[in-house]
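Visitor: Below: one structure in structure tokens.
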Amino acid sequence: MTLPDLLRRDLDVVFVGINPSVYSAERGHYFARGSNRFWPCISRSTLTQGARTGLGVEVLGPQNDRALLRYGIGFTDLVKRPTPKASDLTRAELAAGVDGLLAKIARYRPRIACFHGVTGYRHVHALLTGKTAAVELGLQDVRVGATRLYLVPNPSGANAHFSREDQTRWYDALAGTLGGFR
């Protein structure tokens, strides 16, 4: 059991997680654990203002993941195997997930593929650039076809390096970048 990809062609943004948690896979929704900061932060961001208005809600939650496709937002993962924590994945699994993920991005052609956290993105960056250098958050200097790549902090409650306010600012910056491409 895993989470299905929530993808369609030409989305504005596809959020790319490392892999589903067992908890999220059991519930059938992305970022289902209440301690994850994705839904509270994305709900405060300008990125989802249109979706929140269209859905008639102030705060989005895991139950809205499929509905966001109508508003240009999709979801997938680098590795589809659910684990209790991302650190349970092997380096080989992370590396093996890159080709499949890049094929999905090339097929569905979102304007931006937004990676949650350096852990998963590092493997994609290494394959695309041949370099293992450190990466910075924000818009990346590589593409997959016409799709731009963007990196934001991991919204996991275990990521103590970034506050909810920081996370929301990164989603707002993503919205600004999308607006600059229109």
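Visitor: Hey, Thr53 hits all of (1) more than 17 Å from the chain's Cα centre (by Cα); (2) within 15 Å of Gln167 (Cα to Cα) but one; which does it fall short on?
Guide: Only one criterion in (1) more than 17 Å from the chain's Cα centre (by Cα); (2) within 15 Å of Gln167 (Cα to Cα) is unmet by Thr53, namely (2).
Visitor: Sticking with this structure for a sec: Evaluate the following for Thr76: is it hydroxyl-bearing (Ser, Thr, Tyr), closer than 23 Å to Asp12 by Cα and in contact with a helix residue (DSSP H, G or I) (Cβ under 9 Å, 6 or more places away or on another chain)? Break it down stepwise before answering.
Guide: Details: hydroxyl-bearing (Ser, Thr, Tyr): yes; closer than 23 Å to Asp12 by Cα: yes; in contact with a helix residue (DSSP H, G or I) (Cβ under 9 Å, 6 or more places away or on another chain): yes.
Here the answer is yes, as Thr76 does meet what is asked.
Visitor: With the condition kept exactly as written, say whether any residue in the stretch 132-147 is hydrophobic (A, V, I, L, M, F, W, C), in a loop (DSSP other than H, G, I, E, B), out of contact with any strand residue (DSSP E or B) (no Cβ under 8 Å at 6 or more places or on another chain) and at pLDDT below 90.
Guide: Our first condition is that a residue be hydrophobic (A, V, I, L, M, F, W, C); within the stretch 132-147, this holds for 133-135, 137, 139, 142, 144, 146.
Checking which are in a loop (DSSP other than H, G, I, E, B) leaves us with 133-135, 137, 146.
If we keep only those that are out of contact with any strand residue (DSSP E or B) (no Cβ under 8 Å at 6 or more places or on another chain) too, we end up with 133-134, 146.
Filter once more, keeping what is at pLDDT below 90: 133-134.
Scanning the stretch 132-147 turns up at least one residue that is hydrophobic (A, V, I, L, M, F, W, C), in a loop (DSSP other than H, G, I, E, B), out of contact with any strand residue (DSSP E or B) (no Cβ under 8 Å at 6 or more places or on another chain) and at pLDDT below 90.
Visitor: Can you name every residue in the stretch 148-175 that is of a type in the set (A, V, I, L, M, F, W, C), under 23 Å from Thr48 (Cβ atoms) and not in a helix (DSSP H, G or I)? Lay out the reasoning, then the answer.
Guide: Initial filter on the stretch 148-175 (of a type in the set (A, V, I, L, M, F, W, C)): 149, 151-152, 158, 160, 162, 170, 173-175.
Adding the requirement that they be under 23 Å from Thr48 (Cβ atoms) leaves 149, 151-152, 162, 170, 173-175.
Scanning the stretch 148-175 gives Leu149, Leu151, Val152, Phe162.
Visitor: Could you grab me the full set of residues in the stretch 60-72 that are buried (at least 19 other Cβ atoms within 10 Å of the Cβ) and among the hydrophobic types (A, V, I, L, M, F, W, C)?
Guide: Leu60, Leu68
Visitor: Restricting attention to the stretch 1-19, which residues are assigned to a loop (DSSP other than H, G, I, E, B), in contact with a strand residue (DSSP E or B) (Cβ under 8 Å, 6 or more places away or on another chain) and either modelled with pLDDT of 95 or more or acidic (Asp, Glu) (or both)?
Guide: Within the stretch 1-19, Leu3, Asp5, Leu7, Arg8, Leu11, Asp12 qualify.
Every residue, every condition in (1) free of Cβ contacts under 8 Å to residues at least 24 places away in the same chain; (2) touching a Cys at 6+ places or on another chain (Cβ under 9 Å); (3) surrounded by fewer than 20 Cβ atoms within 10 Å (Cβ to Cβ), yes or no:
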| position | (1), (2), (3) |
| --- | --- |
| Leu78 | no, no, no |
| Tyr108 | no, no, yes |
| Val124 | no, no, no |
| Gly130 | yes, no, yes |
| Asp141 | yes, no, yes |
| Gly145 | no, no, yes |
| Val152 | no, yes, no |
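Visitor: Tally time: how many residues in the stretch 13-43 are buried (at least 20 other Cβ atoms within 10 Å of the Cβ), of a type outside the set (A, V, I, L, M, F, W, C) and touching a residue at least 40 places away in the same chain (Cβ under 8 Å)?
Guide: Looking only at that region, the number is 8.
Visitor: Same structure, new question: Here is a list of conditions, (1) part of a loop (DSSP other than H, G, I, E, B); (2) exposed (fewer than 15 other Cβ atoms within 10 Å of the Cβ), and Val57 meets all of them except one; can you say which number that is?
Guide: (2)
The values are calculated or read from the model by the stated rules, or taken from the named source; none is laboratory data. The structure displayed is predicted, hence computed values, not measured ones. FYI the Cβ positions are ideal-geometry reconstructions off the backbone, even for glycines, and counts take in every protein chain you see.
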